[in-house]
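Worksheet: the structure to be examined is printed underneath.
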Amino acid sequence: MLLLDGREVSKQIIMSLKEEIEEYQKKGLRKPSLAVILVGEDPASKIYVRRKREASEKVGINSICINLPSSISQEDLVQEIKRLNDDDSIDGILVQLPLPTHIDTGEVIQAIKPDKDVDGFHPENVGRLATGIGRGIVPCTPLGIWLLLKHYKIDAFGKDVVIVGASNIVGKPMSLVFLKDERATVTVCHKNTRDLKSHTSQADILVVAVGKPKLITRDMVKEGSVVIDVGINRLENGKIVGDVDFENVKDKVYAITPVPGGVGPMTVVSLLVNTLHLYRLKHGFPPHLFAQI
């Protein structure tokens, strides 16, 4: 069994990004910059934002965190985004999700300029990924999974890929990544899929992102397959587990991601990749190799 170690791979990418940014500074260029907007006091969101800031600092990206009250109006939040859109010193803008219920998340995402949309959620970037027209931003988790597979030389070409979970953040864009250039045959499953096992047990590559502890059991995976577990779930005893029953599945598959330490670190490092990608484009440099699918 091959353990797909996201922590180790992300460390290698971080070193590469750090060296690249140091070279830009030697040439007298400013640091890349990322603005993160946090609305409210959600504990999980605060942890995620802190991790993103720490990762940014490791590579030399200037991280700007803007904390706004949960009571902020949608109009005021959009105005703050527009201010960042107009600031030439800001390369990427990220609004930490979820937002308070009185705010329309779709409207907020669309307020971010596509060429500053470091999360890749703007409809224009999603459309570019879907059509292959132009170079958009790939959402961080799908990009991180792609980079992880690339590192371990796992090719999706001609493979049967099954994705469990159809969210706009992971499932849908992940399917587009695997479909690009007709590399794979992709099936997307979700909570209404009948007989989930009949799909997952045929997958050469299985990606699971639903947030249900140990949903995927040993009998639901194909012998010798590759399993990517995106789920992060905290059990009553405090233990963090994924959507896959790791201990009972690991000796049946060729490769699998651990939870934690698999996809999570790759998602964070992909945010840095996307930020540097946008910085490069702004300065007239070629697209970043890590950001290209």
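The values are calculated or read from the model by the stated rules, or taken from the named source; none is laboratory data. All of these numbers come straight from a predicted model, not from anything done at the bench. Quick reminder, even Gly has a Cβ in these numbers, built from the backbone with ideal geometry, and neighbours come from all protein chains shown.
Examine the range 262-271 for a residue that is assigned to a loop (DSSP other than H, G, I, E, B) and farther than 30 Å from ASP88 by Cβ, and state whether such a residue exists.
Checked against the condition, which is being assigned to a loop (DSSP other than H, G, I, E, B) and farther than 30 Å from ASP88 by Cβ, the range 262-271 yields at least one hit.
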> How about the range 34-84: which of its residues are closer than 29 Å to GLN12 by Cβ, touching a residue at least 60 places away in the same chain (Cβ under 8 Å) and not in a loop (DSSP other than H, G, I, E, B)?
Replying inline: LEU34, VAL36, ARG51, LYS52, ALA55, SER56, VAL59
> Does any residue in the range 134-160 that is among the basic types (Lys, Arg) come within less than 7 Å, Cβ to Cβ, of a residue that is buried (at least 17 other Cβ atoms within 10 Å of the Cβ) six or more places away or on a different chain, and which pairs are these?
Replying inline: ARG135/ARG128; LYS159/ALA184; LYS159/ASP204; LYS159/ILE205
> Which condition breaks for TYR152 when tested against (1) closer than 19 Å to LEU272 by Cβ; (2) assigned by TED's automatic domain parsing to the domain that holds ILE205; (3) not polar (S, T, N, Q)?
Replying inline: (1)
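Answer yes or no as to whether GLU41 is more than 21 Å from LYS116 (Cα to Cα), of a type in the set (D, E, K, R) and at pLDDT 95 or above. If you could, list the steps in order and put the result at the bottom.
Numbers: more than 21 Å from LYS116 (Cα to Cα): yes; of a type in the set (D, E, K, R): yes; at pLDDT 95 or above: no.
The answer is no for GLU41.
Picking from ILE240, ILE256, which residue would you name as being under 21 Å from ILE169 (Cβ atoms) and assigned by TED's automatic domain parsing to the domain that holds ASN168?
Working: ILE256 fails: under 21 Å from ILE169 (Cβ atoms).
Of the residues listed, the single one that is under 21 Å from ILE169 (Cβ atoms) and assigned by TED's automatic domain parsing to the domain that holds ASN168 is ILE240.
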> Out of curiosity, is GLN110 more than 21 Å from ALA44 (Cβ to Cβ), touching a residue at least 12 places away in the same chain (Cβ under 8 Å), in a helix (DSSP H, G or I) and not small (Gly, Ala, Ser)?
Replying inline: yes
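Criterion first (hydrophobic (A, V, I, L, M, F, W, C) and at pLDDT below 95) does ALA35 satisfy it? Write out each step before concluding.
Details: hydrophobic (A, V, I, L, M, F, W, C): yes; at pLDDT below 95: no.
Considered against the rule, which asks whether it is hydrophobic (A, V, I, L, M, F, W, C) and at pLDDT below 95, ALA35 comes out as no.
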>> Checking ALA255 against (1) at pLDDT 95 or above; (2) hydrophobic (A, V, I, L, M, F, W, C); (3) within 15 Å of the chain's Cα centre (by Cα), only one condition comes out false. Which one?
In response: (3)
> In the range 47-74, how many are of a type outside the set (A, V, I, L, M, F, W, C), within 25 Å of LYS18 (Cβ to Cβ) and more than 16 Å from the chain's Cα centre (by Cα)?
Replying inline: 7
